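The values are calculated or read from the model by the stated rules, or taken from the named source; none is laboratory data. Only a predicted model underlies this, so the values are computations on that prediction, with no experimental measurement involved. For neighbour counting, all protein chains shown are included, and Cβ atoms are generated from backbone atoms with ideal geometry for every residue, glycine included. Calculation scope for accessible area: heavy atoms of the full protein, side chains included, ligands and nucleic acids excluded. Shrake-Rupley method; radii C 1.70, N 1.55, O 1.52, S 1.80 Å.
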Amino acid sequence: MTLPPPVELGAALPAPSPSPEMLDRLATRRSSPAQALTVPGPDPDQIADILTLGARTPDHGKLTPWRFVVMGTETRAGIAERLAVMATRKGLSPKAVAVLAKLTAAPTTVLVISTAAPGAKPVWEQELSAGAVCMNIEHAASALGFASSWITDWYSYDADAAALFGVTEGEKVAGFIHIGTATEPLLERDRPNVASLTTTLP
C-alpha cells in the first residue's frame, strides 16, 4: 500500500466524501498496551508514509512546531538501561524502572517533540498542533495495519532523562508513539458520555 502522489502546491483538493471504512476505523480505534507490541513493525518506507501523514495536521501559521525522532529497538534498549540507573540514583519508585518495559517492546517508536516557542502564534496552539501530529501518526499506523500506543511516562518530564533522547532546552515530549503488531486482542474500554460533555447553543 502506497500513498497517493503528492498534491501540487496550490492545487484544488478533492472535497470530502462519505467513507464507511474511515468511520469504522474511528469508531473502533483503540490503543494497544505498549508491552504487547511486537514484530512486524513498519518498514522504512511505511515509516516515511506515517510521518508524512502525521505532519498533515492543523498548524496555525505554518510553523511546524514539532519534530520527529525514529528509534529502533537497539537505541531504546540502551537508553532504557541508562534510565534504570538514573531512576535508582534519583530515588524513584520501583515502578519507574518497571515502566521502562513499555519503552523497549515495540519494533518501532516515533518520538514527537514539541518545539513550540513564543512568537506570532500562542505557544498553546503550537503544542496542540504537536498533539494533533501524535493522533495523526496513530491513525496512519492503523491505516497501514499496525497497532500503536501513545505514551509519555516519567522520563518525558525529567529534563535529565529527556536529554537522553535528544530533547533540548525549551522542547517538550509530546509523546512516544510505539508501533507494531499487537500480540493480544484490543479490548474495548469505558468511553465518556459525550452528551454530558456537550453544550449546544442555538
*Among helices (runs of 4 or more DSSP H) lying entirely in the stretch 1-97, which contain 2 or more residues that are of a type in the set (S, T, Y), closer than 24 Å to T108 by Cβ and under 23 Å from the mean Cα position of the chain (by Cα)?*
73-89
*L197 being open to solvent by 40 Å² or more (accessible area, probe 1.4 Å) and in contact (Cβ under 8 Å) with a residue 40 or more places away in the chain*: no
*Would you point out the residue of the stretch 142-158, among those that are assigned to a loop (DSSP other than H, G, I, E, B) and hydroxyl-bearing (S, T, Y), that is least open to solvent (accessible area, probe 1.4 Å)?*
T152
*asked:* List the residue pairs whose Cβ atoms are under 7 Å apart, where the first residue sits in the stretch 11-29 and is open to solvent by less than 90 Å² (accessible area, probe 1.4 Å), the second is of a type in the set (S, T, Y) and at pLDDT 95 or above, and the two are 6 or more positions apart or on different chains.
replied: R25/S142; R29/S142
*asked:* Could you check the stretch 147-202 and list, in sequence order, the residues that are closer than 17 Å to M135 by Cβ and of a type in the set (F, W, Y)?
replied: W150, F176
*asked:* I'm checking my understanding of the structure. Among residues of the stretch 119-138 that are over 14 Å from W66 (Cα atoms) and surrounded by fewer than 17 Cβ atoms within 10 Å (Cβ to Cβ), which one is nearest to the chain's Cα centre (by Cα)?
replied: P122
*Which members of the stretch 159-173 meet the condition of being open to solvent by 30 Å² or more (accessible area, probe 1.4 Å), of a type outside the set (K, R) and touching a residue at least 40 places away in the same chain (Cβ under 8 Å)?*
D160, L164, G166, G170, E171
*When the stretch 48-64 is examined, which residues are found to be on the phi < 0 side of the Ramachandran plot, open to solvent by 80 Å² or more (accessible area, probe 1.4 Å) and among the charged types (D, E, K, R)?*
R56
